[in-house]
1. Sorted from fewest to most neighbouring beta carbons within 10 Å, what does the list B:Cys44, B:Cys49 look like?
2. When N is the residue count of region A:285-418, what does its C-alpha Rg come to as a fraction of 2.2 N^0.38 Å?
3. At 1.002 mPa s and 20 °C, plugging the Kirkwood radius over alpha-carbon pairs of region A:357-415 into Stokes-Einstein gives what diffusion coefficient in µm²/s?
4. Order of B:91-100, A:346-355, A:140-149 by packing, highest average Cβ count within 10 Å first?
5. Please report the spacing between the Cα centers of region A:99-148 and region B:60-76 in Å, no decimals.
6. With θ set to phi - 60°, apply the Karplus curve 6.51 cos²θ - 1.76 cosθ + 1.60 along region A:330-335 and write out the HN-Hα couplings as whole Hz, x wherever there is a Gly or Pro.
7. Round to a whole angstrom and tell me the spacing of the C-alpha centers of region A:238-268 and region A:289-361.
8. Give or take rounding to whole Å, what are the principal axis extents of the alpha carbon atoms in region A:330-389, in descending order?
Amino acid sequence: MPPLEEMPVSSAAPVPDLDTSASQARDVAYSVPIDQVDPAQPELFRQNDMWWNFERLRKEDPVHLSEGGEFGRYWSITKYNDIMAVDTDHQTFSSEPGIALVREEDKNRESEFTGLSMFIAMDPPKHDIQRKTVTPAVSPANLAVLEPLIRERAAKILDDLPVGEPFDWVDKVSMELTAMTLATLFGMPQEDRRLLTYWSDVVTATPGQGLVGTREEKFGIFRDYHAYFTGLWNERVNSEPTGDLISMLAHDPATRDMSPLEYFGNVILLTVGGNDTTRNTITGSVYALDKWKDQDAKLRANPSLVPSMVSETIRWQTPLAHMKRRATRDVEFRGKQILEGDTVAMWYVSGNRDDEVIERPNDYIIDRARPRQHISFGFGIHRCVGNRLAELQLKVIWEEILRRFPEIVVLEEPKRVYSTFVKGYESMPVLIPRRN
Amino acid sequence: MGRVTYVEYDGTEHAIDVEEGVSVMEGAVRNGVPGIDADCGGMCACATCHVHVAPEWLELTGEPGSQENELLDLAPERDAYSRLSCQIAMSPALDGLIVRLPESQH
């Protein structure tokens, strides 16, 4: 190992969200032998200090094997083009049986929810069939119907915000808007919407890290969640199609005979995918525009940059940090021998900071030449099905923010989520000093 | 060089001269034709450069490849004339090509 002073220095200039407190974390990341680097450390994600392992891996060992850590043996794919190559080769890199890294202590542990499956964690042809069932919910025609509703709700949420006193942006805005949208898609009563937020958080929560104390407690909450959606299914299946996601699943010949666990798996997928990701990107947009004041000024001077800002935020935030695959055969990949059955993590959060593909990737620049060039939605057949709905919600909330508030001040660092999968925020105190 | 006419969903036409060997997707992106997003940059990894080839040109543009075919399946507006425009390279035989853009890219 070379001494610290000989370590390669970051090619990026200091950026506002990676301030000097991070240099210590960077030193730590560079202080271990490369073969001991293990980027899947939820605590580093909570501290926003995971960047340095990825920076180092992209340079020194872009396809990297970790063993012996919290998540056991897995490969990390850290560069943009390599991620794209894995993501588009579903024959070699299967999504079954799951798409997020699993802790060693949770592997091979049975529960009543063992066997839960969802289409994101299936290969063709079953994946294609189930995905097609839900696609009409996010078709251009349906988004056109949803847009005025989202706008009306966004306006109401923003009009009700306190002015001149601190509040939690995550709770009052990001969670509210995305929960309302998802409740509509599911055809649920609006008063139940925050159950979705809660269940989504429970799904991705690590027991003992705040939200749920134990694995048993988590499964207990799953039971309520499952029962609720079984109730919705029973209502829908016995009535005419209503156009919502549950009705689609209950009536489509491709999905109406699904097992209860397969139905529940797909509900979980649509809950987390349709809620958490957009929620965290909305919060991320407020945070980033507060850190990069020049970009905020640019946006306010030229609101037609909203769509471009939305794409840049989705890249910069990368609301899902990784997706997992399983090698279906022995394969040599970029000089590394990946074995059949090996776990492979595509680190989107790293690919989006790859300076061989994205210029000045640590900087938040709302008018990039190609803002849509990011890997947050994934590529290939599992590419995010709700991407346009996510963009629509972000676009609408920002158009409505710009009409109302000249400034949103982030009062302190947000509390970040303890997860290597969901890259997001638990809370973020802000202050709106005045209205337009 | 060959002429490609891109017809937007609302009917607006853009006639563009595209160099030989350059993809129909790039011809649109380089010339600012709206309605082709090309999120993956031409790697046949998404379906956001989806076009409907005018029926009379279908034979010359050919069939989608297998990966292209899987990705086109992600597009809700897929039909028998659907192609990913990043997978159609301009050639003299395609001079005069007409492609129609879908309502949105997915």
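Every number in this text was worked out from the coordinates using simple rules, so none of it is lab data. All figures in this text were calculated on a predicted structure; none of them were measured in a lab. Virtual Cβ from ideal backbone geometry, glycine too; neighbours counted across all protein chains shown.
1. Numbers: B:Cys44 19, B:Cys49 29.
Sorted ascending by nearby Cβ count, the order is B:Cys44, B:Cys49.
2. On the way: Rg = 17.6 Å, N = 134, 2.2 N^0.38 = 14.1 Å.
Compared with the compact-globule rule of thumb, region A:285-418 sits at 1.24.
3. Numbers: Rh = 14.5 Å.
Approximately 148 µm²/s, per Stokes-Einstein.
4. Details: B:91-100: 16.4, A:346-355: 24.4, A:140-149: 13.9.
Top to bottom by mean Cβ count within 10 Å: A:346-355, B:91-100, A:140-149.
5. Between the Cα centres of region A:99-148 and region B:60-76 lies a distance of 23 Å.
6. 5, 8, 8, 10, 6, x
7. Between the Cα centre of region A:238-268 and that of region A:289-361, the gap is 32 Å.
8. Result, largest extent first: 42, 28, 14 Å.
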